[in-house]
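Take a look at the structure set out below.
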Amino acid sequence: MNQRFNLYPTWVFINVAQLKSITAAAELLSISQPAASAHIRSLESELKEVLLKRLPRGVSLTEAGQAYFEQALQVFAELERLEGVSQGQQQWGCVKLAASFTPGVFWLPARLAEFQSAHPDIQCKLTLEDSSHCVQRVLDYEVPMAVVGDLAMLSKVRGLQCELVAQDLLALTAPGGHPLACSKSLKRSEEDELLLERLILREAGSSTRSQAEAMVTRLGRFSRVLELSSSEGVKEAVLAGLGVAVLSCWSVARELESGILQQFADPRLRKSRNFYAIRRRDRPIVGPGARLWNCITSHDLK
């Protein structure tokens, strides 16, 4: 094959760009660091452009490198699509998808179990990240689809197809027996008392975090804040008595039933939340991926 159509150096470049490290990309691809560097040099020589800036730690993309990276992602996404076309109606293959933590842990597994039962020879590879990273993975052609919480960016990003697939309830949650939780309309003095609590939040980029902040700022500013990187960690912190947190009903169903956690009754501290399956409009999903998309998007809201 003509060297012009050897895509492996571009594949090396994509991995270097995503990992921001030639060494890390070489390890991932099971090649040596000098070999990875040689592939990058050959690509830069062929294109007559500098694609990477070498930094004290890792690399970053030049302007030309960013443009080439975006185009290269589209090329490899199209190759993946062609592979799906060649599979046609075959009942095998591998489908990648991403999901934010709440739907990925509490809603999606039941859909995947149903899908795997109907298509046992199709492998699903699920990545869990916060919603903003999942959206970026779809935009960067890294995965064909994702399930995420409601983010403001969803309405701002052009080219995304969003299908409403599920809903849950977010509510400020405290250890069972909290003296203010049963009040359906907190008085000003009770609001002030609540704001003395420690508010436990998810990390920035989480849809739970963004909606929690929008909810609690109606009352004012909490005097103390603790940030944790997972819903499970936030829940455990509330159980330990560290403070209060806005949590999904899905994530605390057992604890609410047993009474060890309690949600605030004031409607200002309760809000329904939507979850969406997302995909790029310019990236047709075919083969096994199309079957998984249809499985995820064809359910009644729960």
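The values are calculated or read from the model by the stated rules, or taken from the named source; none is laboratory data. This one's a predicted model, so the numbers in the text were calculated from it and none came from an experiment. Here the Cβ positions follow ideal geometry from the backbone for every residue, glycine too, while neighbour counts run over all protein chains shown. Accessible surface is based on the protein model in full, side chains and every heavy atom, while ligands, DNA and RNA are left aside. Shrake-Rupley method; radii C 1.70, N 1.55, O 1.52, S 1.80 Å.
Put simply, of Leu186, Leu180, Leu170, Leu154 the only residue that is at negative phi, modelled with pLDDT under 90, among the aliphatic types (A, V, I, L, M) and in contact with a helix residue (DSSP H, G or I) (Cβ under 8 Å, 6 or more places away or on another chain) is Leu154. Condition check for Gly241 on (1) in a helix (DSSP H, G or I); (2) touching a residue at least 60 places away in the same chain (Cβ under 8 Å); (3) out of contact with any Asp or Glu (no Cβ under 9 Å at 6 or more places or on another chain); (4) of a type outside the set (Phe, Trp, Tyr): one failure, at (1).
The single condition among (1) modelled with pLDDT of 90 or more; (2) touching a helix residue (DSSP H, G or I) at 6+ places or on another chain (Cβ under 8 Å); (3) open to solvent by less than 10 Å² (accessible area, probe 1.4 Å); (4) of a type in the set (Val, Ile, Thr) that Val238 does not satisfy is (2).
Under the condition of being surrounded by fewer than 16 Cβ atoms within 10 Å (Cβ to Cβ) and modelled with pLDDT of 85 or more, the residues counted in the range 71-96 number 1.
Only residues that are out of contact with any Phe, Trp or Tyr (no Cβ under 9 Å at 6 or more places or on another chain) and either assigned to a loop (DSSP other than H, G, I, E, B) or buried (at least 18 other Cβ atoms within 10 Å of the Cβ) (or both): list them for the range 216-229, please.
So the first thing to find is which residues in the range 216-229 are out of contact with any Phe, Trp or Tyr (no Cβ under 9 Å at 6 or more places or on another chain), and the list is 217-229.
Within the range 216-229, Thr217, Arg218, Leu219, Gly220, Arg221, Phe222, Ser223, Leu228, Ser229 qualify.
Scanning the range 258-281 for residues that are assigned to a loop (DSSP other than H, G, I, E, B) and more than 20 Å from the chain's Cα centre (by Cα) gives Gly259, Ile260, Phe264, Ala265, Asp266.
The set of residues in the range 108-128 being farther than 11 Å from Leu97 by Cβ, within 21 Å of the chain's Cα centre (by Cα) and open to solvent by 70 Å² or more (accessible area, probe 1.4 Å) consists of Gln123 alone. Counting only residues that are farther than 15 Å from Ser37 by Cα and modelled with pLDDT of 90 or more, the range 53-63 holds 2 of them.
The residue of the range 254-302 that is nearest to Ala77 (Cα to Cα), among those that are in contact with a Phe, Trp or Tyr (Cβ under 8 Å, 6 or more places away or on another chain) and modelled with pLDDT under 90, is Arg283. Condition test on Glu213, is it free of Cβ contacts under 8 Å to residues at least 40 places away in the same chain and over 18 Å from the mean Cα position of the chain (by Cα)? When the stated conditions are applied, Glu213 passes them. Restricting attention to the range 180-208, the residues that are open to solvent by 40 Å² or more (accessible area, probe 1.4 Å), not polar (S, T, N, Q) and not in a loop (DSSP other than H, G, I, E, B) total 5.
Taken over the range 28-52, the criterion of being within 13 Å of Val16 (Cα to Cα), at pLDDT 90 or above and not in a helix (DSSP H, G or I) is satisfied by Leu51, Leu52. Filtered by the rule that a residue be free of Cβ contacts under 8 Å to residues at least 60 places away in the same chain and not aliphatic (A, V, I, L, M), the range 220-231 gives Gly220, Arg221, Phe222, Ser223, Arg224, Glu227, Ser229. Whenever a residue of the range 97-111 is among the β-branched types (Val, Ile, Thr), its partners that are open to solvent by less than 10 Å² (accessible area, probe 1.4 Å), lying with C-beta atoms within less than 6 angstrom and at least six residues away or across chains, give the pairs Thr102/Ser248.
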